[in-house]
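Enquirer: Below is one structure. I have some questions about it.
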Amino acid sequence: MNKSNQKLAINGGTPVSANPILIHKPYLDEDDFKSVDTAMRTTFISGDGPECREFEKNLAKYLDVKHALFLNSATTALDLAFRVKDFPQGSEVIVPNFTYTSTALGVLYNNLKVRLVDVYEDNGSIDLSKIEALINNKTVAIAPVDYGGIPPDMDKLNEIAKKYNLFVVHDTAQSIGSEFKGKKTGNLADISTFSFHGTKNLTTGEGGAITTNDDKLAERIKILREKGTNKYSFLTDNVTRGYYEYVDIGNSYVQSNILGAMGITQLNKLDWMNNRRKEIADYYLQELKGIDGLDFLNITEGATHNWHLFGILVPPADKYWIMDALRAEGVMSNVHYTPLHRNKYYSNLGTDNEFPGSMKFFNRLLRLPIYPSLTDNEKELVVKAVKKNFA
Ligand SMILES: Cc1ncc(COP(=O)(O)O)c(C=O)c1O
């Protein structure tokens, strides 16, 4: 790496790409535009409409799980995932330190306590060897996270959970379509929580879902997401038809029927979109392998990757320089997440020394553009920019 090379755009040379290559872009096509238009014209635009129900049915089938419930975000899904269990106040939940704030927020909204656990330095995934030391008589749940789309070894995680009778909330916000040992995420834990935010592999702009095989939990979530009412079947239930009651506490976490329609058309092309991501990832893996100082994230044995993100691990001392140099070349790159304890709100939850894996991972991680509409020309420019800066 020659940082003073005058050909580098950061030093005033000509950029590899004249137009910035974005890091994320949602993939939307005519099917999405038409489905949204049609749903609007039905005038059923409020929550939990027929398109939402159809999306839920299709999603459950795709994931091979009994229940999929469409919500307005993964953040609300995480809130409900804990709420539905009524854990005693002050109970503890083990959360990986390398995650988005929402994993911890779901715990905190329910007056539970976050216990942070370290992650592996080569992929940011929950360090299974460090979980048991954190378990005590107040521990009620573990919330593994599929960083970038890579699931942890869910067999081992569920084994630990079973041994201590813990509930597993799998934060699958980023991993739709990924698998572990032939099963899709969403069907690997007591409850799983997906995000359909604009950056995700399947998007409804904002949105999320909860999935579970537990009938009782699913029934209660239908109530909790609809302001604590039993409105879910008020048109179809023969006994109470046309009448519903306030039966529990709740919040308004249902999703608009317009976005249900978008979920259906997005899901129809999810495998195609994920395959396109894989083609790009395979190209990066092939072209960037063997570069001195550049490593890839380790994919858990037995798992497949939906390539939500493409991360590279670079020398810590050069990370921000490389990020700036790539941006100067016209290739957007970023750093995300900052370990929870490094954020103001969570700074009381630990120190760098307690999370060596998380710090090593964070200090080396950079992300490259990956999304279905990234063209072959753009993917080649990304590789060219990386190679230019590592030369
Ligand atoms: C791991 C994880 N959990 C939860 C969320 C929150 O998702 P949403 O924006 O749908 O609330 C995100 C968002 O990126 C995430 O990465």
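Enquirer: When N counts the residues of the chain, how does its alpha-carbon radius of gyration compare numerically with 2.2 N^0.38 Å, as a ratio?
Expert: Values: Rg = 21.9 Å, N = 391, 2.2 N^0.38 = 21.3 Å.
Here the Cα radius of gyration is 1.03 times the empirical estimate.
Enquirer: A further question follows. Determine the gain in length on full extension of the stretch LYS387-ASN353; use 0.36 nm per residue of separation and subtract their C-alpha separation, reporting nm with one decimal.
Expert: On the way: separation 34, 0.36 × 34 = 12.24 nm, distance 3.35 nm.
The span from LYS387 to ASN353 would gain 8.9 nm if fully extended.
Enquirer: From Cα pairs below 8 angstrom and at least 6 apart in sequence, can you work out the relative contact order of region 30-268, rounded to a whole percent? Kindly include the intermediate steps, with their values, before the conclusion.
Expert: Details: 530 pairs, mean separation 65.7, N = 239.
Relative CO of region 30-268 lands at 27 percent.
Enquirer: Which ordering of VAL145, VAL65 is given by a fewest-first count of other beta-carbon atoms within 10 Å? Show your work: numbers first, answer last.
Expert: Working: VAL145 29, VAL65 20.
Starting with the residue having the fewest Cβ neighbours, the order is VAL65, VAL145.
Enquirer: For the pair SER233/THR43, report the inter-label distance in nm, with labels modelled 7 Å from Cα in the Cβ direction.
Expert: Placing both labels 7 Å along Cα→Cβ, they lie 2.9 nm apart.
Enquirer: Round to the nearest 0.05 the FRET efficiency obtained for GLU380 and GLN6 when R0 = 25 Å and r is the Cβ-Cβ distance. Let's see the in-between values first.
Expert: Values: r = 23 Å, r/R0 = 0.93.
FRET efficiency, GLU380 to GLN6: 0.60.
Enquirer: So how far, in whole Å, is the C-alpha centre of region 245-316 from the one of region 319-391?
Expert: 16 Å
Enquirer: At a threshold of 8 angstrom on Cα-Cα distance, excluding pairs fewer than six apart, so keeping six or more, what relative contact order does region 246-391 reach in percent?
Expert: Relative contact order of region 246-391: 29 percent.
Enquirer: While we're looking at this one, here's another question. Could you work out how much longer the chain between THR101 and ASN268 gets when fully extended? Use 0.36 nm per residue separation minus the Cα distance between them, nm to one decimal. Display every interim value, and only then the final one.
Expert: Values: separation 167, 0.36 × 167 = 60.12 nm, distance 3.00 nm.
Taking THR101 through ASN268 to full extension adds about 57.1 nm, to one decimal.
Enquirer: While we're here: What FRET efficiency would be calculated for the residue pair LYS181, LYS61, taking the C-beta separation as r and a Förster radius of 22 Å, to the nearest 0.05?
Expert: Working: r = 20 Å, r/R0 = 0.90.
Working from the Cβ atoms, E equals 0.65.
Enquirer: Gap in Å between the Cα centre of region 222-240 and the Cα centre of region 90-130?
Expert: 33 Å
Enquirer: Quick one: which of 70-78, 162-170 comes out on top by average Cβ neighbours within 10 Å, and what's the full order, highest first? Mind showing how you got there, number by number?
Expert: Numbers: 70-78: 26.1, 162-170: 17.9.
Top of the packing list down: 70-78, 162-170.
Enquirer: Also, quick follow-up: With the chain treated as a Gaussian network of Cα nodes joined by springs under 10 Å, which of GLY263, GLY350, GLY148 yields the largest mean-square fluctuation?
Expert: Greatest mean-square fluctuation among the candidates belongs to GLY350.
Enquirer: Over 20 Å between C-alpha atoms is what I'm after, so list which of LYS57/LYS181; LYS113/LYS360; LYS269/LYS289; LYS66/LYS130; LYS25/LYS269; LYS57/LYS156 land there. Working shown, then result.
Expert: Details: LYS57/LYS181 23 Å; LYS113/LYS360 25 Å; LYS269/LYS289 30 Å; LYS66/LYS130 32 Å; LYS25/LYS269 16 Å; LYS57/LYS156 30 Å.
Long pairs (Cα-Cα over 20 Å): LYS57/LYS181; LYS113/LYS360; LYS269/LYS289; LYS66/LYS130; LYS57/LYS156.
Enquirer: Quick one: among THR236, THR172, THR375, which has the greatest mean-square fluctuation in a GNM of the chain with alpha-carbon springs under 10 angstrom?
Expert: THR236
Enquirer: Go from 0 up to the bin containing the longest alpha carbon distance in region 270-391, width 5 Å each, and give me the % of pairs per bin.
Expert: Per 5 Å bin, starting at 0, the Cα pair percentages come out as 2, 10, 19, 21, 19, 13, 9, 5, 1, 0.
Each reported figure results from applying straightforward, stated rules to the coordinates on display, with no laboratory input. The structure displayed is predicted, hence computed values, not measured ones. Glycine also receives a Cβ, built like all others from the backbone with ideal geometry; neighbour counts cover every protein chain displayed.
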